[in-house]
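Here's the structure, in structure tokens; my notes come after.
Each reported figure results from applying straightforward, stated rules to the coordinates on display, with no laboratory input. These numbers come from a predicted model, not from an experiment. Methodologically, a virtual Cβ is constructed for each residue, glycine included, from the backbone with ideal geometry; neighbour enumeration extends over all protein chains shown.
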Amino acid sequence: DRPQTWSDRFEGTLHPAIAKFNASIGFDLELIEYDLTGSCAHARMLAQTGIISSTEGEKLVAGLEQIRDEYRAGNFHPGIDAEDVHFAVERRLTEIVGDVGKKLHTARSRNDQVGTDTRLYLRDRIQQIRSQLRDFQQVLLTLAQTHVETLIPGYTHLQRAQPLSLAHHLLAYFQMAQRDWERLGDVYKRTNISPLGCGALAGTTFPIDRAYSAQLLGFDDIYSNSLDGVSDRDFAIEFLGAASLIMVHLSRLAEEVIIWASEEFRFVSLTDRCATGSSIMPQKKNPDVPELVRGKTGRVFGHLQAMLVMMKGLPLAYNKDLQEDKEALFDAVNTVQACLEAMTILIQEGIEFRPARLAEAVASDFANATDVADYLATKGVPFREAYNLVGKVVKTCLSQNKLLKDLSLVEWQQLHPAFAEDIYAAIDPKQVVAARNSYGGTGFDRVRQAIERAKVQIG
Ligand code: ARG
């Protein structure tokens, strides 16, 4: 069927496959609450400016609120013939309030309407995601506080590099989430701008008050150019960019958890509450949660790419291509929200660090080699010379199946007369970490300061 909302310029019926292809009602019903809210504000503005009477305005608002009740009660199921959520609402409104319902669309187009709905939707979700980021940060911070003096090997190239405070490692993710939170705050500023009143593309002949409807809707500003207002999707692309970075961060942490949980690392064990099994291998316990997070990251990147490509060739102003923004946005929002929730739970109760295994790991490698070079450099040996000498020591130790701590003082002194008894303290893993007390470093005192700063950051 043809949506009745179109004019009588059409004859006959729309091809059913075309109707289905064209319709967005299958996914844009997600916007209904925002569509109703936007329409109420528009109706109020029409009454306020005298474009319709105040009685008419009240009838429209009451009818729209009735649709909201019907929807919330599970009693609103528009079919494909409604085409989209906007037509579905207008049609139902006219059924409820009669002919006055036909006045709602005065001085408005679906083009400024859908832009308004999408911004109202996204601004809500941005706030939800920001609060989820805060929960995630809190969980990381709480875990970090219990692990300031727990050591974990630090890696570059996935090769043992220098040992770290586990708290320092966790706080790195806290800071990534902090930037994500800030970035979304910035996206919010450019999302919370009203296109309502831009009309189809050129504004309207009616004496509307755009500032009034914007104020009713809690927008901070209004678009100053009607063409731009109806065709701008920068805010959605910015959001997808910010969402992609959130996913990058979650995915990197997910990857670490997967590695840590492997038999080769055994740095964490997965709790039964958050891990999953195999259908054939009875011994298996799988990190499905972080794997899914890592896997879902790709689809958010895909939506960003899809939206960029969708926009890049569009002439002004509205083009139906823009209808494609919604599924991308909704899926990205839902994916980010689900992944943030799952990762927060995973960090809170899905993994347990294994202190004994971590201690064993940091005690059995050459991750303290830099500290031997630093030791000599402190005693006046030029760093590069010290570095070369320690390289030789490591080579010798490897050939003799020894660690640095296994060398006798005589052996150390044969290597260089500057070595004294205190070399053993200098290469002890705990001391190695404690000594990296430069600002931003992993030294315990610095990490404790970082925890205090982190508390302030999340308020
Ligand atoms: N369903 C449409 C969308 O999602 C609403 C706007 C339609 N506007 C138009 N001129 N056909 O973009």
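Model label points for Glu255 and Ser224, set 7 angstrom from Cα along the Cα-to-Cβ axis, are 4.3 nm apart. Here the gap between Lys284 and Leu14, fully extended at 0.36 nm per residue and compared with their Cα-Cα distance, gives a gain of 91.7 nm.
Reducing the range 14-30 and the range 396-459 to their Cα centroids gives an inter-centroid distance of 65 Å. Amide H contacts for Ile351 (H built 1.01 Å from N in the peptide plane; partners 5 or more residues away or on another chain; cut-off under 5 Å): Thr271.
The protection proxy used here, the mean number of other Cβ atoms lying within 10 Å of each residue, ranks peptides 47-58, 29-40 as follows, highest first: 29-40, 47-58. With contacts taken as Cα pairs under 8 Å and at least 6 residues apart, the range 241-378 reaches a relative contact order of 34 percent.
Order of Thr150, Thr106 from fewest to most other C-beta atoms within 10 Å? Present the calculation step by step, with values, prior to reporting the outcome.
Values: Thr150 20, Thr106 15.
Ordered by Cβ neighbours within 10 Å, fewest first: Thr106, Thr150.
Altogether, the Stokes-Einstein calculation at 20 °C and 1.002 mPa s, with the Kirkwood radius of the range 16-106 over Cα pairs as Rh, returns a diffusion coefficient of 160 µm²/s. The share of Cα pairs per 20 Å bin across the chain, counted from zero up to the longest distance, runs 20, 38, 25, 13, 4, 0 percent.
Legend: distances between Cα atoms for Lys379/Lys455; Lys379/Lys430; Lys430/Lys455; pairs beyond 27 Å are Lys379/Lys455.
Using 0.36 nm per residue of separation minus the Cα-Cα distance, give me the extension gain between Asp406 and Arg299 in nm, one decimal. Length gained, Asp406 through Arg299: 33.4 nm.
Using a cutoff of 8 angstrom between alpha carbon atoms and counting only pairs six or more residues apart, the relative contact order for the range 16-106 works out to 38 percent.
Quantify how much of the Cα-Cα distance distribution of the range 365-458 extends past 17 Å, in percent. Don't skip to the end; give the middle numbers.
Working: 2383 of 4371 pairs.
So the pairs more than 17 Å apart make up 55 percent of the total in the range 365-458.
In this simple spin-label approximation, Thr378 and Ala161 carry label points 7 Å from Cα along the Cα→Cβ vector, and these lie 2.2 nm apart. Computed extension gain for Phe76 through Tyr439, at 0.36 nm per residue and net of the alpha carbon distance, reaches 124.8 nm. Couplings 3J(HN,Hα) for the range 52-63, derived from phi with the Karplus relation 6.51 cos²θ - 1.76 cosθ + 1.60 (θ = phi - 60°), are 10, 6, 5, 4, 4, x, 5, 4, 4, 4, 4, x Hz, where x marks Gly and Pro. Here's how it looks for Ala161: its modeled amide H is under 5 Å from those of Gly154, Tyr155, Thr156, which are all 5 or more places away or on a different chain.
The alpha carbon centroids of the range 254-320 and the range 154-182 are separated by 19 Å.
Tell me the GluC sites (Glu not before Pro) within the range 228-325 that lie in a loop according to DSSP and have at most 16 other beta-carbon atoms within 10 Å.
Working: sites: Glu238, Glu255, Glu256, Glu263, Glu264, Glu291, Glu324; in loops: Glu263, Glu264.
Loop-located and lightly packed - Glu263, Glu264.
The HN-Hα couplings worked out from phi for the range 285-301 by the Karplus form 6.51 cos²θ - 1.76 cosθ + 1.60 (θ = phi - 60°) are 9, 10, x, 4, 4, x, 5, 5, 4, 4, x, 6, 4, x, 6, 5, 4 Hz, whole numbers, x standing for Gly and Pro.
Can you give the calculated 222 nm mean residue ellipticity of the chain, where each DSSP H run of n ≥ 4 adds -39,500 (n - 2.57) and the sum is split over every residue, rounded to the nearest 500 deg cm²/dmol? Computed ellipticity for the chain at 222 nm equals -19500 deg cm²/dmol.
Only Lys, Arg, Asp and Glu count, each charged at its Cβ (+1, +1, -1, -1), so figure out the dipole size of the chain about its Cα centre, rounded to 20 debye. Show your work: numbers first, answer last.
Values: 50 positive and 60 negative charges, 196 e Å.
In debye, rounded to 20, the chain gives about 940.
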